[in-house]
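Data first, discussion second: the structure below is written as structure tokens.
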Amino acid sequence: MTSVTATAYDTSLPADWRDFVALTKPRVMSLVVFTGLCGMLVAPVSLHPVLAFTAILCIALGAGAAAALNMWYEADLDAKMKRTAGRPLPAGRMDRQSALHFGVGLSFFSVILMGVATNWFASAVLAGSILFYVLIYTVWLKRRTPQNIVIGGAAGAFPPLIGWAAATGDASALPVLLFALIFLWTPPHFWALSLFVRSDYAAAGVPMLPVVAGARATRRQILLYSLPMAAAAVAPWPLGLAGPLYGAAAAALSLVFLAMAAQVNANKAAEPEGMAPEKRLFAFSILYLFALFGALVADKWIIA
Amino acid sequence: MTTPEELQHARDVRARQRSRSVVMAFALLAFAALMFFITIARMSGG
């Protein structure tokens, strides 16, 4: 007869529901939901409140699904980085197959529900954004090129377009400009972060710009990308797509952003301890996007 | 023979499964309610 020891049985537990929530990157989702909601609120057509709520829910679930699939594919990378080692997969609280099933299931659910509740154009754009984030950014670009977030940034730029499409069934100049704004905002935002967590990316072998080209080149690129980003932010005003309230807010916020990007460009620090300008820019970039979209909605509603 | 560790593990597994089932039940209920309200909104031309 063989004796049973404490290690002779499977000691793993089924994943907790909180781990499935963590798989959707809820903190990132807040910005996605907010920009999607603003895209919907500035559209010339108003949706029934239940359908509007459902559309926002679908944008949130789609973003969560893409995040889950990203974590499923990148479990090996996440395990090598301090910032991500505590996530459910690298921490061993969930098996990879559960994450895959959850991500794929949530993707189909969000896309179909969007089509049923609003229209199939919005549903197709939502599907495209999930596929773009998972296949183009996560699978193809992230491990291959330092331009990963330049092109991959498009994935995060879709929500205002989806929100607008859910309300109107089409896409016009303003949502395309909002797409361009987030697309151009993403590189300065992520490069500011990647400068002070450079060692994490280097340890994981991710070819982020500071790892491949160095801090100086990255700081210059941050400033260079901030210029067209500021132009895209202000553009809706002179083009007649937004009013003076938005125009003034966009100009003021963009000036602050550019000043901070210039401070980053002037910084020479090589260690995270000396990267206060980068940390400030990263924090402000989040506030910047929230404030810009908030101003756009306020402008439309107050002027109206 | 079942050890105390195995018994505790079995209890932990059941607790985890129970909490997941409760969350799933709430999610299904919320989905059913949402589909009901979506149908009404679509019927009213929303």
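The values are calculated or read from the model by the stated rules, or taken from the named source; none is laboratory data. What you see is a predicted model; the values in this text were computed from it and never measured. Counting neighbours? That spans all protein chains shown, and the Cβs are built from the backbone with ideal geometry, glycine included.
Counting only helices (runs of 4 or more DSSP H) that sit wholly inside region A:94-194, those with at least 2 residues that are out of contact with any Gly (no Cβ under 7 Å at 6 or more places or on another chain) and modelled with pLDDT under 95 are A:96-117, A:148-168. Here is a check on your reading of the model: is A:Leu13 in a helix (DSSP H, G or I) and within 14 Å of chain B (Cβ to nearest Cβ)? Spelling it out, it is not the case that A:Leu13 is in a helix (DSSP H, G or I) and within 14 Å of chain B (Cβ to nearest Cβ). Of the candidates A:Arg87, A:Arg83, A:Arg93, the single residue that is in contact (Cβ under 8 Å) with a residue 40 or more places away in the chain and more than 21 Å from the chain's Cα centre (by Cα) is A:Arg93. Only a single criterion out of (1) small (Gly, Ala, Ser); (2) at pLDDT 95 or above; (3) more than 30 Å from A:Ser172 (Cα to Cα) is not satisfied by A:Ala203, namely (2). Which ones in region A:96-108 are farther than 21 Å from A:Pro14 by Cβ and either in contact (Cβ under 8 Å) with a residue 24 or more places away in the chain or touching a Ser or Thr at 6+ places or on another chain (Cβ under 8 Å) (or both)? If the condition is that a residue be farther than 21 Å from A:Pro14 by Cβ and either in contact (Cβ under 8 Å) with a residue 24 or more places away in the chain or touching a Ser or Thr at 6+ places or on another chain (Cβ under 8 Å) (or both), then A:Ser107 is the only one that fits.
Residue by residue, here is whether (1) more than 8 Å from chain A (Cβ to nearest Cβ); (2) within 16 Å of the chain's Cα centre (by Cα) holds:
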residue: B:Ala10; (1), (2): yes, no
residue: B:Ala25; (1), (2): yes, yes
residue: B:Phe31; (1), (2): yes, yes
residue: B:Phe37; (1), (2): no, no
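Within region A:142-161, the set of residues being farther than 15 Å from A:Leu181 by Cβ, buried (at least 20 other Cβ atoms within 10 Å of the Cβ) and hydrophobic (A, V, I, L, M, F, W, C) comprises A:Ile149 only.
Taken over region A:16-34, the residue count meeting the criterion of being among the aromatic types (Phe, Trp, Tyr) and either more than 9 Å from every other protein chain (Cβ to nearest Cβ) or surrounded by 18 or more Cβ atoms within 10 Å (Cβ to Cβ) (or both) is 2. Which of the residues spanning region B:9-46 are among the aromatic types (Phe, Trp, Tyr) and either modelled with pLDDT under 95 or surrounded by fewer than 14 Cβ atoms within 10 Å (Cβ to Cβ) (or both)? Answer for region B:9-46, where residues must be among the aromatic types (Phe, Trp, Tyr) and either modelled with pLDDT under 95 or surrounded by fewer than 14 Cβ atoms within 10 Å (Cβ to Cβ) (or both): B:Phe26, B:Phe31, B:Phe36. For region A:35-55, the candidate set comprises residues that are free of Cβ contacts under 8 Å to residues at least 24 places away in the same chain and not hydrophobic (A, V, I, L, M, F, W, C); within that set, the residue that is farthest from the other protein chains (Cβ to nearest Cβ) is A:Pro49.
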